[in-house]
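Student: One structure, as structure tokens, below. Some questions next.
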Amino acid sequence: MFKEELIIAGFGGQGVLSMGKILAYSGVVQGLEVTWMPSYGPEMRGGTANVTVILSDERISSPIAHDYDTAVILNQQSMDKFEPKVKPGGVLIYDPNGIVRPPSRSDIRVYSIDATAEAARLGNIRVFNTMILGGYLKVRPVVTLENAFAGLAKSLPERMARLLPANEAAMRHGMEIIRLATA
């Protein structure tokens, strides 16, 4: 049996909900059972946002998860809230930009992906979230890269189709730059 309970959390405007939607569509394309449950503050951009995605090869009984196999963390508030909720043996992935207290647990695998700095270096901060998604898929290959590209295409409106190549390249690049964090 396969089941992945994932939380992606950060500030509104970082593409948190989009990452979850791309992953959810990718799971559907791959033939998995999927739930996608966004949560965000009333202020949207700049406020906190998170999304729970559950992927499974069996029917999912509830879209609500209290503990997670993986957490993708993009700000300190989310680190403080969700680091304790990663299951022992689970995975935490974070972008160090804006993180003042990095994760400290020794019973989970911790990965760092400096997507903020890398997207800025590449001159396209808008691919930050797909870079992170690529890093996640390197560490937790829950869907194939081809299905992730199909999920990306499905999640983008037609008028944005020109952005597909840059986002696909960002996913591949994210797979290259994610690193196991050292304590």
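The values are calculated or read from the model by the stated rules, or taken from the named source; none is laboratory data. What you see is a predicted model; the values in this text were computed from it and never measured. All Cβ positions, even for glycine, are placed from backbone atoms using ideal geometry, and neighbour counts span all protein chains on display. Just the protein is used for accessible areas: all its heavy atoms, side chains included, with ligands, DNA and RNA removed. Shrake-Rupley method; radii C 1.70, N 1.55, O 1.52, S 1.80 Å.
Student: Read through the list (1) part of a loop (DSSP other than H, G, I, E, B); (2) open to solvent by 60 Å² or more (accessible area, probe 1.4 Å), then give the number of the only condition that P103 fails.
Tutor: The failed condition is (2).
Student: Would you be able to say whether some residue in region 56-70 is in contact with a strand residue (DSSP E or B) (Cβ under 8 Å, 6 or more places away or on another chain), at pLDDT 95 or above and surrounded by 21 or more Cβ atoms within 10 Å (Cβ to Cβ)?
Tutor: Among the residues of region 56-70, at least one is in contact with a strand residue (DSSP E or B) (Cβ under 8 Å, 6 or more places away or on another chain), at pLDDT 95 or above and surrounded by 21 or more Cβ atoms within 10 Å (Cβ to Cβ), which makes the answer yes.
Student: State yes or no: is R140 at pLDDT 95 or above, closer than 22 Å to K3 by Cα, open to solvent by 50 Å² or more (accessible area, probe 1.4 Å) and under 15 Å from the mean Cα position of the chain (by Cα)?
Tutor: yes
Student: Can you report the number of residues in region 10-28 which are at pLDDT 95 or above and either surrounded by 19 or more Cβ atoms within 10 Å (Cβ to Cβ) or among the acidic types (D, E) (or both)?
Tutor: Qualifying residue count for the region: 9.
Student: Here's a check for you: in region 162-172, which residue that is of a type in the set (A, V, I, L, M) and touching a Leu at 6+ places or on another chain (Cβ under 7 Å) is surrounded by the most Cβ atoms within 10 Å (Cβ to Cβ)?
Tutor: For region 162-172, the residue satisfying everything is M171.
Student: Which residue, of R179, R121, R126, R159, is surrounded by fewer than 18 Cβ atoms within 10 Å (Cβ to Cβ), more than 30 Å from E33 (Cβ to Cβ) and in contact with a Ser or Thr (Cβ under 8 Å, 6 or more places away or on another chain)?
Tutor: Unique residue meeting the criteria: R179.
Student: Additional query: From the residues in region 29-54 that are among the hydroxyl-bearing types (S, T, Y) and at pLDDT 95 or above, which one is least open to solvent (accessible area, probe 1.4 Å)?
Tutor: T52
Student: Looking at A120 and the list (1) at pLDDT below 95; (2) touching a helix residue (DSSP H, G or I) at 6+ places or on another chain (Cβ under 8 Å), which single condition is not satisfied?
Tutor: Only one criterion in (1) at pLDDT below 95; (2) touching a helix residue (DSSP H, G or I) at 6+ places or on another chain (Cβ under 8 Å) is unmet by A120, namely (2).
Student: Let me ask something additional. Residues A153, A71, A65: which one is touching a residue at least 60 places away in the same chain (Cβ under 8 Å), within 24 Å of Q30 (Cα to Cα) and either out of contact with any Leu (no Cβ under 9 Å at 6 or more places or on another chain) or not in a loop (DSSP other than H, G, I, E, B) (or both)?
Tutor: From the options A153, A71, A65, the qualifying one is A71.
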